[in-house]
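One structure below.
Please treat every number below as a calculation from the coordinates, not as lab data. What you see is a predicted model; the values in this text were computed from it and never measured. So basically every Cβ, Gly included, is an ideal-geometry build from the backbone, and we count neighbours across all protein chains shown.
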């Protein structure tokens, strides 16, 4: 079949706003567009910018979880209940929600994209490793406990849980438990080493990638990694696909399409 | 056996489908992916002298029958593009280097670099409707177009294509001036200048306010332009605008297009759009007992 599908721009009102962690806000809004775990939407704040955001909640009351890192995310995190934003999508290929024993590894705001996948796993036994720089940046620990039988936390500064990064924690968890699938979302360096770890242990994995993105709809090519569109063939790629990517963990592109080392 | 082979102003292509400029043409890897989809040739993103970010988002509006975009010619600049051309060259099919400039001299020097990078032809972007000082702003004046083409033709040995805008009542005048100046083929059409207003936001969606309309919505305009160009010109015409299946490709070919380009179709159908169109045309030719695609070019004319 073709990839054709119909998406339209829709104005939505913020139903609720919640502070999740330092500089991280979840905005919920009523929007009944069909969406699957790991997909993203383009969010337009008129007069400011339009940016891609992973869906952190699915269903009719959807959500995005935004970390304030720039102009657009500052505008988004300042929105209050009742305010309007304009969305289009959902776009992209999300997680293939697996059966069996699953390890989810989320760094930074990565848990935002992973949790809807974990919440849709009916028969899986889920373990979760959440990485943060410090305790105050830790995201979604309580929410993860609702779907995971084992939630572990790592902090770079040792302020909570395992002292180290999420991949080191994942290595510890993988040495005591044999997983059928690892799901990862977070900074690309983390994903790069997590992918290596999975290859070493022979465990299949899926990782959600990020690239600078303009159109979001598979046309412009600004988000291409090794010729694959993060907005269309991604953002979630399988371990086998990542293995063949020369740019994964090594290179991204700037707004002009120029090459940058990661 | 039917043959879809095309020789376009000396450029040999396995089939008449080409990737249109501006779609998936910014990186070597994405060009290779389009070759895998079955394209006969690839046109790069339009490249300028210096790196350029393009317009701020929103740069795209999705519509039921197409897209509206105002990317604003983002590109990494000609110096950085050699690497991408080298990568794209591994596809083993002709790469057409698209360039945009603010003067005839700039077009000529960019074209020369593209030729050095291995481009088998040059496409001049004389038609982008949403970048100030470039594209359409020059491409509606027959004298300006003629002087750019003369300068580029003197600078390169490979064939030169001029991509023209439908946003003028002088399309034929511009095309005739281009032909007289020695251009090897005309590419028509670029997007139609357009606007989308969001009634909830009460403002234009695109950050540039104006953009270019593409996709099936503009096909009827494109087919008409190609039909008129075919009547007026002796050089080949390359048709583009809303092609996304074999029927729409054949419309253009019957109107007089020697080859077709596909842009929006890559987004709406996927990279397989090229291969799908080719197999559809092959079946049509078999049913109608045609051996060569050239037998169909311009058949809609009396």
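Structure summary
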read-out	value
Average beta-carbon neighbours from other chains, 10 Å sphere, peptide B:67-76	3
Exposure proxy ranking, count of Cβ atoms within 10 Å, fewest first, for A:95, B:230, B:252, A:212	A:212, B:230, A:95, B:252
Peptide B:44-56 - average C-beta neighbours from other chains (10 Å radius)	3
Rule-of-thumb Rg ratio for the stretch A:128-251 [Cα; 2.2 N^0.38 Å; N residues]	1.12
Least to most buried among B:19, B:229 (fewest other Cβ within 10 Å first)	B:229, B:19
Virtual spin-label span in nm between residue B:105 and residue A:22, 7 Å along Cα→Cβ	5.5 nm
Radius ratio Rg over Rh of chain A, counting only Cα atoms, Kirkwood formula for Rh	0.94
Kirkwood-type radius of the stretch A:10-91, with distances r between different C-alpha atoms, in Å	12.4 Å
Geometric extent, Cα atoms of the stretch B:33-121 - Rg, Dmax (angstrom)	14.4, 41
Longest to shortest principal axis, alpha-carbon extents of chain B, angstrom	52, 49, 38
Estimated [θ] at 222 nm from DSSP helical runs (n ≥ 4, -39500 (n - 2.57)) normalised by residues in chain B, nearest 500	-10500 deg cm²/dmol
Share, in percent, of DSSP beta bridges within chain B that are antiparallel, nearest 5	35 percent
Estimated inter-spin distance, residue B:247 and residue A:149, nm [label 7 Å along Cα→Cβ]	5.5 nm
For the protein assembly as shown, alpha-carbon Rg relative to the globular expectation (2.2 N^0.38 Å, N residues)	1.02
Partner chain coverage, peptide A:243-255 - average Cβ within 10 angstrom	1
Simple label model, 7 Å out from Cα along Cβ direction - residue A:8 to residue B:64, nm	0.8 nm
Fraction of antiparallel bridges per DSSP, the protein assembly as shown only, in percent to nearest 5	50 percent
The stretch B:224-302 shape via C-alpha gyration tensor axes, a/c threshold 1.5	oblate
Exposure proxy order (Cβ contacts within 10 Å, fewest to most) of B:235, B:95	B:235, B:95
Relative contact order (percent, whole number), chain B, Cα cutoff 8 Å, 6+ residue spacing	20 percent
Percent RCO, i.e. relative contact order, over the stretch A:118-262, from Cα pairs under 8 Å lying at least 6 residues apart	14 percent
Structure-based [θ]222 nm, chain A - -39500 (n - 2.57) summed over DSSP H runs of at least 4, per residue, nearest 500	-5000 deg cm²/dmol
